[in-house]
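The values are calculated or read from the model by the stated rules, or taken from the named source; none is laboratory data. Keep in mind that what you see is a predicted model, and the values were worked out from it rather than measured. So basically every Cβ, Gly included, is an ideal-geometry build from the backbone, and we count neighbours across all protein chains shown. These area figures cover heavy atoms from the full protein model, side chains too; ligands, DNA and RNA do not enter into them. Shrake-Rupley method; radii C 1.70, N 1.55, O 1.52, S 1.80 Å.
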Amino acid sequence: MIVGIDLGTTNSLVSVFRDDSFEVIPNSLGDFLTPSVVGLDDEGQVLTGAAAKERLLTHPELTAANFKRLMGSSSEIKLGKKKFRPEELSSFILRALRLDAEAFLGDQVEEAIITVPAYFNDSQRKATKIAGELAGIRVARLLNEPTSAALAYGLHHEKECRYLVFDLGGGTFDVSIVEYFDQLVEVHASAGNNFLGGEDFTEVIYQHFARLCAQVLGRDAEALPPVLDKMLKFRAEQAKLLLSTQDQAALQQKWHDQVIDLTVTQDQFENWAGELVMKIETPIRQALRDSKMRAGDLDEIVLVGGATRMPLIRKLVTRLFRRFPSVQIDADKVVAAGAAIQTGLMQKHAALEDVVMTDVSPYTLGVEISRQVGDRYADGHFMPIIERNSFIPVSRVETVCTVSDYQPKIEVRIYQGENPMVKDNIFLGSLTVDVPRKKRGEEEIDIRFTYDINGLLEVEVEVKSTGKKSSILIEENPGVLSKEEIASRFKQLEKLKIHPRDQIPNQALINKANRLYQENLGATRDYISELLANFDAILSRQDEREIREAREQLGEILNQIEEDPLAQ
Ligand code: ADP
Ligand code: MG
């Protein structure tokens, strides 16, 4: 079986194409969204999703979130004594999604199409493919998230339509301009910001809450106790969600014998978020410019991603485009829906036969060259070979020559970016070729860049005088694992115990109870302890029906405790 996977910064989803349409698959808790959170429990077993998310607050040193932002870098994340790379943490999420899909479909899942932000660079894409391999999934294709969303929307329209896909997730912002015409989904331009998302909006509310707490406690906002600090982050997220349906969010935080009022109004929020909103406009301008369109040329604005639920985003979109955005498909599910449709296309599903999709490269790729200034050469200049927003797959060649007399080699240094000097762009890798020693300018090489449908780059260099060719599929990127490293990591991960899928709902509930215990005091704590002891006793009796009933009950009680922050 092949599935579609939206591997998000905050939430991930798995979907399938069957019976002529897409379905998003629920996880073991019955939720469509699986939080992209991984942790180790006290026995060292791996926890994923909601069960892990609950422990972000109670066991921060054993739990990790937002690791998608680190994909493609060589950083490691510490969970207790163990260290993990971002692609390993992602592989745990992918594995959990695979198991959920297998349980739902009653069939083995070997393959997946995984979506990535359009703005993901070469190393980030490779890391995503590696995460798939580590999870035992063959990655049939990487699909740009907005392209995926566009695909889902394209199939929704009967007639020709030009639309802008606006995807604001937890940590990334992507915008694409897409045309649907005669069964063809054509992406004209993609732009975005990998470091802008819903979490940044939570942060401005958190800053406010920290100031409020600091005032009440008479401390510095930067020097709040870590436990309180974490709780404030959690409260800020709650407040942000409330502000999507209310004009004001009024929360409270207990700290020892004090109760701190945490209130934020929609107007305040909009004020503080002003700078973030301005950052959102930049990629929109760029995408419009690159596709040579004006706001008035667009027929529809499609909102994707949980953070587009914020009223201030809807206001912004309405102001910029002078029309209301459309949300025909649930904003959380659009990307996963498109990925499932793409699996259908790959399998040449009868219902989808005539649909064709084209995509573009979201960034410029090129090499470092020396430029002649008077009679000297200055290093460090960037020569684009594939310009951003070229249709992919694409292959282009440029010729360069030697710059000094009897130069024995040419080093081809490959970069990605939009700046004239390579030091301001991202280094992707390098390739060195020998050339016959001749006077400067007499030896030439052809540099061919081939950019495939997955957004992966292959570079081929041919020395013209000798006809000798060398090529690299840029595997040696800084920050990307080598084949041998992948194999050894795979072995190590296999040794780790993964929490059994059917226990995840129980575990999630226990972890939630523990979090509420930490947040509350006095009588509520006693009550929670008692509930936990009871639930534990029922679990040990191993009667599935009894466990299910107890779980439902406990879930309801915990929700009540959670809703009323002053319950004692
Ligand atoms: P990603 O694709 O990055 O995983 P999602 O599309 O799932 O992200 O969006 C997650 C973000 O959306 C989080 O920052 C979350 O706080 C935010 N979000 C989800 N629901 C709402 C809501 N109702 N109001 C405001 N923000 C929301
Ligand atoms: Mg997303």
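Using a cut-off of 19 Å between alpha-carbon atoms, which aspartates and glutamates can reach K438, once sequence neighbours fewer than 8 places away in the same chain are excluded?
Filter leaves D375, D405, E411, D446, E462.
To the nearest Å, what is the center-to-center distance of the stretch 133-182 and the stretch 214-257, using C-alpha atoms only?
One Cα centre to the other: 36 Å.
Can you work out the FRET efficiency for the pair L532 and V327, with r the C-beta to C-beta distance and R0 = 56 Å, to the nearest 0.05?
After rounding, the FRET efficiency stands at 0.90.
Give me the percent relative contact order of the chain, please, defined on Cα pairs under 8 angstrom at least 6 residues apart.
15 percent.
Among L539, G136, V3, flag the residue with its Cα farthest along the positive direction of the charge dipole of the chain, charges on Cβ as +1 for Lys/Arg and -1 for Asp/Glu.
G136
Please give the FRET efficiency for D182 paired with M383, using the beta carbon to beta carbon distance and R0 = 30 Å, rounded to the nearest 0.05.
For D182 and M383, the calculated efficiency is 0.20.
Multiply the residue gap between W272 and E458 by 0.36 nm, knock off their C-alpha separation, and tell me the result in nm, one decimal place.
62.6 nm
Say each of R440 and L241 gets a label point 7 Å from the Cα, pointing the same way as Cα to Cβ; how far apart are those two points in nm?
Here the modelled spin labels are 6.4 nm apart.
Spelling out what I want: for every residue of the stretch 123-132, take phi, set θ = phi - 60°, compute 6.51 cos²θ - 1.76 cosθ + 1.60 (Karplus), and round to whole Hz; glycine and proline get x.
Result, ordered by residue: 5, 5, 5, 5, 4, 5, 4, 5, 4, x Hz.
Using only the alpha-carbon atoms, how far is helix 334-346 inclined from the longest principal axis of the chain? Give it as 0 to 90 degrees, nearest 10.
50 degrees
What size of dipole, in debye to the nearest 20, comes out for the chain about its Cα centre when the only charges are +1 on Lys and Arg C-beta atoms and -1 on Asp and Glu C-beta atoms?
1360 debye
Based on the mean of other beta carbon atoms within 10 Å per residue, what is the order of 136-148, 377-389, most packed first?
Final packing ranking: 136-148, 377-389.
Order H499, H188, most accessible first, counting only protein heavy atoms with a 1.4 angstrom probe.
H188, H499
How far apart, in nm, are two points set 7 Å out from the Cα along the Cα-to-Cβ line at R18 and at E61?
Each label point is offset 7 Å from its Cα along the Cβ direction, giving 4.5 nm.
What accessible area per residue comes out for the stretch 1-129, rounded to a whole number of Å², with a 1.4 Å probe?
Using a 1.4 Å probe on heavy atoms only, each residue of the stretch 1-129 averages 33 Å².
Among 485-493, 90-98, how do they line up from the highest to the lowest mean number of other beta-carbon atoms within 10 Å?
In decreasing order of mean packing, 485-493, 90-98 become 90-98, 485-493.
Where the only charges are on Cβ atoms (+1 Lys, Arg; -1 Asp, Glu), what is the dipole of the stretch 520-562 about its Cα centre, to the nearest 20 debye?
Magnitude of the dipole: close to 60 debye.
List the relative contact order of the stretch 365-473 as a percent without decimals, with contacts defined as Cα pairs under 8 Å and 6+ residues apart.
25 percent
What do you get for GluC sites (Glu not before Pro) in the stretch 11-61 restricted to DSSP loop and a cutoff of at most 14 other Cβ within 10 Å of the site's Cβ? Don't skip to the end; give the middle numbers.
Working: sites: E23, E43, E54, E61; in loops: E43, E54.
Of the GluC sites (Glu not before Pro), the ones in loops of the stretch 11-61 whose Cβ has at most 14 other Cβ atoms within 10 Å are E43.
Hey, can you grab everything whose amide H is under 5 Å from the amide H of E444? Only 5+ residues off in sequence or another chain; H modelled, so Pro and N-termini drop out.
Close amide H contacts, sequence-distant or interchain: K464, S465.
Round to a whole number: what % of the accessible area of the chain belongs to carbon and sulfur, probe 1.4 Å?
Carbon-and-sulfur percentage of accessible area, whole number: 47.
Between E43 and S482, what is the FRET efficiency for a Förster distance of 25 Å, r being their Cβ-Cβ separation, to the nearest 0.05?
0.20
In the chain, what percentage of the DSSP-assigned beta bridges are antiparallel, given to the nearest 5?
Roughly 80 percent of the beta bridges in the chain run antiparallel, per DSSP.
Just to confirm the number: angle between the C-alpha axis of helix 504-519 and the first principal axis of the chain, 0 to 90 degrees, nearest 10?
70 degrees
When the convex hull of the C-alpha atoms of the stretch 393-439 is computed, what volume per residue in Å³ does it have?
Cα-based convex hull of the stretch 393-439, divided per residue, equals 113 Å³.
Please go through the residue pairs K78/K497; K240/K315; K126/K469 and name each one whose alpha carbons sit more than 20 Å apart in this structure. Write out the running numbers ahead of the final one.
Numbers: K78/K497 17 Å; K240/K315 16 Å; K126/K469 24 Å.
Check vs 20 Å cut-off fails for K126/K469.
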